Amino acid sequence: MTHVQTVAVDFDGVLHSYEKGWHDGTIYGDWNPGAVAALSQLMQQHAVFIHTTRSARQVARWIEQSSGYAFECTTRVPRTWYGRRKPFWNTQGLLLVTDRKLPAIAYIDDRAVRFEDWWQSLRALDIEPLQRQETP
């Protein structure tokens, strides 16, 4: 049995152009260049979910209607649980759109700071750390 790994993709700024910011909450823009093909390619190899602060139904409808691909979306977070009752997504070929951040091997997000240690993270935000970098 092959274990399907999950990849999370942010909506605004990653898939959607987001040139007006939140604006009035409507989805007004277009796909970012290469986003549709990349999403399709990701879905061939991984379970994929889209996380957003927008209405999940609105985003799912936009993806299905504007992509030109036959993406099938769902907004229902599965009732599949593990461990201490945390949901996860492992359905390949069906795109979950949710406002929840589920477990994944990678998060593709335009506003992310890759965490290596706190020294590096604060510096990435142009904040001078108050403490010296600790050595392990």
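The values are calculated or read from the model by the stated rules, or taken from the named source; none is laboratory data. Predicted model, so just to flag it, every value in this text is computed and none were measured. With ideal geometry, Cβ positions are generated from the backbone for all residues, glycine too; neighbour counts draw on all protein chains shown. These accessible areas exclude ligands, DNA and RNA; they are computed on the full protein's heavy atoms, side chains included. Shrake-Rupley method; radii C 1.70, N 1.55, O 1.52, S 1.80 Å.
Structure data summary
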| item | result |
| --- | --- |
| Acute angle (nearest 10 degrees) that the helix 35-45 long axis makes with the longest principal axis of the chain, alpha-carbon atoms | 90 degrees |
| Heavy atoms of Trp119 accessible to a 1.4 Å probe, total area in Å² rounded to 10 | 80 Å² |
| In degrees, nearest ten, helix 56-66 long axis to first principal axis of the chain (Cα) | 60 degrees |
| Environment charge at Glu64 (Cβ cut-off 13 Å; Lys +1, Arg +1, Asp -1, Glu -1) | +1 |
| Cα centroid separation, segment 15-34 to segment 105-124 (Å) | 23 Å |
| Structure-derived volume of the Cα convex hull per residue in Å³ - corresponding label in (i) 167; (ii) 206; (iii) 115 | (i) |
| Highest-first arrangement of 49-57, 67-75, 97-105, 120-128, where packing means the average Cβ count within 10 Å | 49-57, 97-105, 67-75, 120-128 |
